[in-house]
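Engineer: Below you'll find the structure I mean.
The values are calculated or read from the model by the stated rules, or taken from the named source; none is laboratory data. Computed from a prediction, not measured in an experiment: that's the story for all the values here. Please note: Cβ atoms are built from the backbone with ideal geometry, for glycine as well, and neighbour counts cover all protein chains shown.
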Amino acid sequence: MALRRRLEGVADISISLSEQTVEVKFTEGHTAFSPKVFRNAAQEAAVEVLTLQIDACGVIEQKASERWLAAGENRFLLVEGRAVPDGEAVCVSGRLDDRSGPSRLEITAVASQ
């Protein structure tokens with residue numbers, strides 16, 4: 001499958017035709033997630049990506065007026081969504097918008113790590 005060949009650190013891939021979803025689980029570690037690489041791999045498999053929903057664990061960092069989720073090698077700019085305290089290790093779920101600039105994450109669920 002194109003997704004497994006093109007994405008580093010993939011532990012498991014599950015596809016639901018009825019729900020029209022693809023779930024990719026990565027191995028724990030320092031694998032960086034690239035939405036662009038994911039979209040390209042999906043396109044090779046004749047799959048159109050409409051939205052990206054991610055789960056990630058990391059630490060919320062404040063940089064000037066911006067808040068970021070630092071998760072391993074990944075950094076996601078936080079936009080409006082669930083309130084999360086700075087400096088705390090958390091696991092979050094959210095919608096990832098990678099259409100411009102840094103990837104922006106709108107957090108929809110939070111759990112302490």
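Engineer: Can you tell me how many residues within the stretch 5-28 are buried (at least 16 other Cβ atoms within 10 Å of the Cβ) and in contact with a helix residue (DSSP H, G or I) (Cβ under 8 Å, 6 or more places away or on another chain)? Outline the logic, then answer.
Structural biologist: Applying the first criterion (buried (at least 16 other Cβ atoms within 10 Å of the Cβ)) to the stretch 5-28 yields 6-7, 10, 22, 24, 26.
Still in the running and in contact with a helix residue (DSSP H, G or I) (Cβ under 8 Å, 6 or more places away or on another chain): 6-7, 10, 22, 24.
Of the residues in that region, 5 qualify.
Engineer: Further, regarding this structure: Does T31 fit the bill of being loosely packed, with under 13 Cβ neighbours inside 10 Å and among the β-branched types (V, I, T)? Don't jump to the end; show me each part of the working.
Structural biologist: Details: loosely packed, with under 13 Cβ neighbours inside 10 Å: no; among the β-branched types (V, I, T): yes.
No.
Engineer: With respect to the numbered conditions (1) under 20 Å from S103 (Cα atoms); (2) aliphatic (A, V, I, L, M); (3) buried (at least 16 other Cβ atoms within 10 Å of the Cβ); (4) under 15 Å from the mean Cα position of the chain (by Cα), which one is the sole condition not fulfilled by V37?
Structural biologist: Only one criterion in (1) under 20 Å from S103 (Cα atoms); (2) aliphatic (A, V, I, L, M); (3) buried (at least 16 other Cβ atoms within 10 Å of the Cβ); (4) under 15 Å from the mean Cα position of the chain (by Cα) is unmet by V37, namely (3).
Engineer: Next up: Which residue out of A41, A83 is under 16 Å from L3 (Cα atoms) and modelled with pLDDT under 90? Lay out the reasoning, then the answer.
Structural biologist: Working: A83 fails: under 16 Å from L3 (Cα atoms).
Of A41, A83, the one residue that is under 16 Å from L3 (Cα atoms) and modelled with pLDDT under 90 is A41.
Engineer: Mind telling me which of the residues V22, V37, V49 ends up being part of a helix (DSSP H, G or I) and either closer than 22 Å to A109 by Cα or of a type in the set (V, I, T) (or both)?
Structural biologist: Working: V22 fails: part of a helix (DSSP H, G or I); V49 fails: part of a helix (DSSP H, G or I).
So the residue among V22, V37, V49 that is part of a helix (DSSP H, G or I) and either closer than 22 Å to A109 by Cα or of a type in the set (V, I, T) (or both) is V37.
Engineer: Determine which member of the set R82, R67 is basic (K, R) and either within 15 Å of the chain's Cα centre (by Cα) or assigned to a strand (DSSP E or B) (or both). Before the answer, list the steps.
Structural biologist: Working: R82 fails: either within 15 Å of the chain's Cα centre (by Cα) or assigned to a strand (DSSP E or B) (or both).
Just one listed residue meets the conditions, R67.
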